[in-house]
Every structure is written in C-alpha cells, then in structure tokens.
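J.: Here it is: the structure, laid out below.
The values are calculated or read from the model by the stated rules, or taken from the named source; none is laboratory data. Everything numeric in this text was worked out from a predicted model, so none of it was measured. Positions of Cβ are generated from backbone atoms using ideal geometry, with glycine treated the same way; all protein chains shown enter the neighbour counts. What goes into the accessible areas is simple: the full protein's heavy atoms, side chains included, and nothing from ligands, DNA or RNA. Shrake-Rupley method; radii C 1.70, N 1.55, O 1.52, S 1.80 Å.
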Amino acid sequence: STVVSASDKQRQSAWQKLLSPADLLEDLSRIDTADDRIITTLVQHRETVVPALLAAMTERSGREKLRASKLLLHLGVTEGTRGMIEVLSQPNEAVRAHALRQLTFLPYHRDKGGYQVPLDQDAIFAAVDPFLETGGTKLRILAADVIERLRTPAAAARMTALIADPIIPIRVRSACWLAECGDARRALPAIDAMLLLPDLDDHHRYWLIQ
C-alpha cells in the first residue's frame, strides 16, 4: 500500500481547506477557473454554491461579478450570461476589454459545437457586436475574437462582412473564419491580397497560410 508522509498529509489538508466552497466564495478573485480541482469542488457542492454565486453576480461589480458569472457558466447555469453582459455594459473600457477577453477563455471546441458552456450566444452577440461599430481598435479586435466563436446566423453574417474591415487583425480573423466555417472561395482572394501586404506581420502571415 502507498505510504503517505506527514508532510504530504499536511499539504493535502491545506489544499482541502483552500478548496472549501465558503473560503473560495469569500474571495472570488483567488479562484482560478482553469483549475479543474476547483471546478470539481464547486460542482460537488453545487446546491449551495450556485445560489451563492448568483447572489455574488448580482451584488458585486467589476471583476468579481465577472468571475461569479464565469463560474456559473462552468457549473452549467445559463444565467451566468447576464452577469457577463452587465460587465460588458460598464463605462470603464479596461473592464469591458477584460470581459471580452474572458469570453475567449471560456471552454471552447470548434469541432464539438463551439462553446462548451451554456452561454446565451444570441444575447452575447447583441452585447458584443456594437463594439465593432463604436469601439477603439483594441475593443474591436477583442469583439471579433468573441464573435468568431459564436454559432449564430447573425455572428456568421458579421464575420463574413469583416472580410473588408480596414484593421488587418480583424480582416485576418474573418478570412480564417471564412476558410474554415464559411465560404472558402470568398476567403482565398482576400488571403492572397493580404499576403502581399508589406506590413503584414509574421504572426498573421502564419495564420493565413495554414
């Protein structure tokens, strides 16, 4: 049988205390949503954790509201979408940019239906699409990153239209999306034209030739 040392027992005890749902929810900023052990612990205490996260999403603001919303989505609760949208509507541009970035970090698999959490994709599109009209370059690029992950007709139409966008990173995303998910015949002329651009960086060149 395996012998567990005293130091290993202490580390395990400390880890279990760290994973106490009450301790985790007390300081949402400590929760690493990429840590499967934390998500597993919250799933095991779902009956008490979900109401607490819904309350946190309603009562807190900024990054803590966003973290509560993400955790709810990880736990299979579609209502987490509402918190994400509320953060996207905040006036602080840095907070909005952070929320858009977090949407790209949610579990996603292109070949398995897209987002692997119950995100209300129509609602997210309605919240994110306006950034492509009114946002600065950074927000526009992040918005395109989100929209290319959405599996809705409106998102597909937007990604198709972005093939003519003046910002190269957005045009590259549209071309790659068209080549994989949309109309490859329309993507190829745009890809050929961008590959001739003297200021196209190596990163974008790499994605265009894949």
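J.: Can you name every residue in the range 193-204 that is over 12 Å from CYS176 (Cβ atoms), assigned to a helix (DSSP H, G or I) and in contact with a helix residue (DSSP H, G or I) (Cβ under 8 Å, 6 or more places away or on another chain)?
T.: LEU195
J.: Identify, by number, the condition in (1) more than 24 Å from the chain's Cα centre (by Cα); (2) modelled with pLDDT of 70 or more that VAL43 doesn't meet.
T.: It is condition (1) that VAL43 fails.
J.: Using the structure shown, decide if PHE131 is closer than 28 Å to ILE39 by Cβ, among the hydrophobic types (A, V, I, L, M, F, W, C) and touching a residue at least 12 places away in the same chain (Cβ under 8 Å). So that I can check it myself, show each step before the final result.
T.: Working: closer than 28 Å to ILE39 by Cβ: no; among the hydrophobic types (A, V, I, L, M, F, W, C): yes; touching a residue at least 12 places away in the same chain (Cβ under 8 Å): yes.
In short, no.
J.: Report yes if some residue within the range 192-201 is touching a Ser or Thr at 6+ places or on another chain (Cβ under 9 Å) and either open to solvent by less than 50 Å² (accessible area, probe 1.4 Å) or on the phi > 0 side of the Ramachandran plot (or both); otherwise report no. Talk me through it step by step, then tell me what you get.
T.: So in the range 192-201, the residues touching a Ser or Thr at 6+ places or on another chain (Cβ under 9 Å) come out as none.
No, the range 192-201 contains no residue that is touching a Ser or Thr at 6+ places or on another chain (Cβ under 9 Å) and either open to solvent by less than 50 Å² (accessible area, probe 1.4 Å) or on the phi > 0 side of the Ramachandran plot (or both).
J.: Output yes when any residue across the range 141-154 is more than 16 Å from the chain's Cα centre (by Cα), on the phi < 0 side of the Ramachandran plot and open to solvent by 20 Å² or more (accessible area, probe 1.4 Å), and no when none is.
T.: yes
J.: Given the criteria at pLDDT below 90, within 25 Å of VAL146 (Cα to Cα), surrounded by fewer than 12 Cβ atoms within 10 Å (Cβ to Cβ) and among the small types (Gly, Ala, Ser), does ALA6 qualify?
T.: So ALA6 does not fit the description; no.
J.: Filter the range 129-140 down to the residues that are hydrophobic (A, V, I, L, M, F, W, C) and either within 23 Å of ASP199 (Cβ to Cβ) or more than 17 Å from the chain's Cα centre (by Cα) (or both) and list them by number. Steps first, answer last, please.
T.: Residues of the range 129-140 that are hydrophobic (A, V, I, L, M, F, W, C), as a first pass: 131-132, 139.
Scanning the range 129-140 gives LEU132, LEU139.
J.: Restricting the first residue to the range 110-124 and requiring it to be free of Cβ contacts under 8 Å to residues at least 24 places away in the same chain, which pairs with a second residue that is open to solvent by 60 Å² or more (accessible area, probe 1.4 Å) meet a Cβ separation below 9 Å and a spacing of at least six or different chains?
T.: Hits for this filter: GLN116/TYR108; GLN116/HIS109.
J.: Among ALA126, ALA157, which is the only one that is within 16 Å of the chain's Cα centre (by Cα), over 24 Å from ASP199 (Cα atoms) and open to solvent by 40 Å² or more (accessible area, probe 1.4 Å)? Don't jump to the end; show me each part of the working.
T.: Details: ALA157 fails: within 16 Å of the chain's Cα centre (by Cα).
None of the other options fit; the residue is ALA126.
J.: Give the residue that is modelled with the highest pLDDT, with candidates limited to residues of the range 46-67 that are closer than 24 Å to ARG101 by Cα and of a type in the set (Ser, Thr, Tyr).
T.: As a first pass, look at the range 46-67 and keep what is closer than 24 Å to ARG101 by Cα: 50, 53-67.
Restricting the remaining residues to those that are of a type in the set (Ser, Thr, Tyr) gives 58, 61.
Numbers: THR58: 92, SER61: 87.
The selected residue is THR58.
J.: Give the range 135-166 a look and list any residue that's more than 24 Å from ALA123 (Cβ to Cβ) and in contact with a Ser or Thr (Cβ under 6 Å, 6 or more places away or on another chain), or say none.
T.: Scanning the range 135-166 gives a single hit, ILE163.
J.: Look through THR81, THR58, THR48 and report the one residue that is within 30 Å of ASP27 (Cα to Cα) and under 12 Å from the mean Cα position of the chain (by Cα). Give the steps one after another, and end with the answer.
T.: Numbers: THR58 fails: under 12 Å from the mean Cα position of the chain (by Cα); THR48 fails: under 12 Å from the mean Cα position of the chain (by Cα).
Of the residues listed, the single one that is within 30 Å of ASP27 (Cα to Cα) and under 12 Å from the mean Cα position of the chain (by Cα) is THR81.
J.: Residue by residue through the range 87-99, note down the ones that are open to solvent by less than 60 Å² (accessible area, probe 1.4 Å) and not charged (D, E, K, R). Don't jump to the end; show me each part of the working.
T.: Keep residues of the range 87-99 that are open to solvent by less than 60 Å² (accessible area, probe 1.4 Å), which gives 87-88, 90, 95-99.
Passing the criteria: VAL87, LEU88, GLN90, VAL95, ALA97, HIS98, ALA99.
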